[in-house]
Amino acid sequence: MDHFEYRDGELWAEGVRLADVAQSVGTPLYVYASATLALHLARLTDAFAPLRARVHFAVKSLPNTEVLRLLGSLGSGMDVVSGGELERVRRAGVPMDRVSFAGVGKSEAEIARAIALGVGWINAESEHEVRMIAQLAESAGRRPSVCLRVNPGIDARTHAYITTGTRANKFGVGFDAARAVFDRFARDPRLRLRGLHVHVGSLVGDPSVHTEAVAKILSLADDLDAAGHPIDTLNLGGGFGADYRTGQTPSAAAYAAAVVPLLKDRAARGTTIIIEPGRFIAANAGVLLTRVRDLKPGDAGRTFAVCDAGMITLLRPALYGAFHFVWPVSPAGGLVPKRREPEPPLEGLSLYDVVGPVCESGDFLAQGRPLPTLERGDLLAVFASGAYGMSMASTYNDQPRPAEVLVDGDARRVVRRRETTDDLFRFDTGLGDPA
Ligand code: LLP
């Protein structure tokens, strides 16, 4: 579900005509709909209400300060994975007691900062990190709450690069190691080690994967309770899907149904439950707008539509082979898509490879896609680009990164300006200092 829809043959975001925004702000451009962000946050919050779960938005999916300010104002907490993200949520005015600080390989400086700011939870990835947190907490005279990330050995059956819960993945510690860490640190006065964290992967299409993961950490939590190390926080991670193809993804209710029955008793006894959704909230809340710069014949009757956006703007198709629905903002002949996944052969459509300006053949947004006839200068919308779009954009080939616009009703604001060519040289030092 989102708030991008065709009216009279033109794509709108809430009360804003997207062709107008592209005209005034230029392309490539990310546009986010506040209403969709709010709706998806509310859906998850409502679905997990029986657990009174705290929703910590995964900042890595859409780290725009104004988007974070909006979600924060709607009650969301934040999951951050670096000192940079921590600083961003601070600037967005999100209260620190609603923030969890996670991430593999945290630096000492990042942990010290998280402790000094008083984040709600630090998610530790190893015994070494727990020890470092204890030492830094002692010097700071603080007593942070810590969750230990455990690796449950579960295959989330998603893309290999975003599978995180198997033994082959670098994340967390195994269950036996977890017990040993609690034996060593659960009574340590320098910190409060009372929580477990698990995240088995992203874009998890089968809710029963979450059932399996929760069942496993619940049994570990029970063991730890019994061993005299009471667990008061369970962070279940994120991984809920988004509609890259219409109706493809389980609903918030379906994800909740997979875990709520298992956790209800514990939640009723006072255990804090946290979820960390990124994609579910942000993906369908954004589109990428790009202009067709050139058209030329390709192989097997296809045409290359060379655009001003590509792998530098939206990396997901090139990196994961991900599908993003693409359609013109003002389609020729008023050919408005009924559903967002037309299958060829469709009347009046031709096959296009939608590609970018970068010097690599992997630089594509869509391949062999049936689209209405395109002209140079046409504006295309790449749907479901709100999550892991701008956050993974790069300046490869010395291309400045795009602008971001946040729509709210019929208001639209630039929430990150387009980078300029001058920005590309901000860090050059000439011959600089001796290294
Ligand atoms: N919690 C942890 C510990 C995570 O590692 C992640 C994502 C999340 C929560 C949020 O996951 P989500 O709800 O968004 O699935 N770049 C990839 C996705 C990488 C996800 C990394 N970790 C993509 O574009 O598909």
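The values are calculated or read from the model by the stated rules, or taken from the named source; none is laboratory data. This one's a predicted model, so the numbers in the text were calculated from it and none came from an experiment. Backbone-built Cβ (ideal geometry, glycine too); neighbour counts: all protein chains shown. When the accessible area is computed, the model is the full protein with side chains, heavy atoms only, and any ligands, DNA or RNA have been set aside. Shrake-Rupley method; radii C 1.70, N 1.55, O 1.52, S 1.80 Å.
The residue list Leu11, Leu51 contains one member that is open to solvent by less than 10 Å² (accessible area, probe 1.4 Å) and outside the structural domain of Ala257 (by TED's automatic domain parsing), which is Leu11. If only residues of the range 218-238 that are away from the ligand (no atom under 16 Å from the Cβ) and assigned to a loop (DSSP other than H, G, I, E, B) are counted, the one that is surrounded by the most Cβ atoms within 10 Å (Cβ to Cβ) is Ile231. Within the range 64-86, the set of residues being open to solvent by 30 Å² or more (accessible area, probe 1.4 Å) and farther than 18 Å from Asn123 by Cβ comprises Thr65, Glu66, Arg69, Leu70, Ser73, Leu74, Gly75.
Residues checked against (1) out of contact with any Cys (no Cβ under 9 Å at 6 or more places or on another chain); (2) within 30 Å of Val306 (Cα to Cα):
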| site | (1), (2) |
| --- | --- |
| Phe185 | yes, no |
| His199 | yes, no |
| Val209 | yes, no |
| Thr246 | yes, yes |
| Ala256 | yes, no |
| Val259 | yes, no |
| Thr271 | yes, no |
| Arg279 | yes, yes |
| Thr290 | no, yes |
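Within the set Val306, Val287, Val259, the sole residue that is touching a helix residue (DSSP H, G or I) at 6+ places or on another chain (Cβ under 6 Å) and among the β-branched types (Val, Ile, Thr) turns out to be Val259. Taken as a whole, the range 101-110 holds at least one residue that is touching a Leu at 6+ places or on another chain (Cβ under 8 Å), more than 13 Å from the ligand (Cβ to nearest atom) and either farther than 23 Å from Ala134 by Cβ or open to solvent by 30 Å² or more (accessible area, probe 1.4 Å) (or both). For Thr246, the criteria (1) within 13 Å of the ligand (Cβ to nearest atom); (2) at pLDDT below 95 hold in every case but one, which is (1).
Here are Leu319, Leu314: which of them is crowded, with 20+ Cβ neighbours inside 10 Å, within 19 Å of the chain's Cα centre (by Cα) and not assigned by TED's automatic domain parsing to the domain that holds Tyr161?
Details: Leu319 fails: crowded, with 20+ Cβ neighbours inside 10 Å.
Of the residues listed, the single one that is crowded, with 20+ Cβ neighbours inside 10 Å, within 19 Å of the chain's Cα centre (by Cα) and not assigned by TED's automatic domain parsing to the domain that holds Tyr161 is Leu314.
For the range 257-301, taking the residues that are acidic (Asp, Glu) and under 30 Å from Val407 (Cβ atoms), the one that is nearest to the ligand (Cβ to nearest atom) is identified as Glu276. What about Leu234, is it under 23 Å from the mean Cα position of the chain (by Cα) and assigned by TED's automatic domain parsing to the domain that holds Gly77? Here the answer is yes, as Leu234 does meet what is asked.
Exactly one residue among Gly77, Gly93 is of a type in the set (Gly, Ala, Ser) and touching a strand residue (DSSP E or B) at 6+ places or on another chain (Cβ under 9 Å), and that residue is Gly77.
Filtered by the rule that a residue be part of a helix (DSSP H, G or I), away from the ligand (no atom under 16 Å from the Cβ) and touching a Leu at 6+ places or on another chain (Cβ under 6 Å), the range 79-98 gives a lone residue, Met96. Among the residues of the range 158-198, those identified as open to solvent by 40 Å² or more (accessible area, probe 1.4 Å) and either within 14 Å of the ligand (Cβ to nearest atom) or outside any helix (DSSP H, G or I) (or both) are His159, Ala160, Tyr161, Arg167, Ala168, Lys170, Phe171, Arg187, Pro189, Arg190, Arg192, Arg194. When the range 398-411 is filtered for residues that are assigned to a loop (DSSP other than H, G, I, E, B) and open to solvent by 60 Å² or more (accessible area, probe 1.4 Å), the ones remaining, listed by number, are Asp398, Arg401, Asp410. Scanning the range 205-217 for residues being within 14 Å of the ligand (Cβ to nearest atom) and either without any contact (Cβ under 8 Å) to a residue 40 or more places away in the chain or in contact with a Pro (Cβ under 9 Å, 6 or more places away or on another chain) (or both) gives a total of 5. The range 302-385 holds strands (runs of 3 or more DSSP E) entirely within its bounds, and those carrying 2 or more residues that are within 16 Å of the ligand (Cβ to nearest atom) and within 23 Å of Arg279 (Cα to Cα) map to 364-372.
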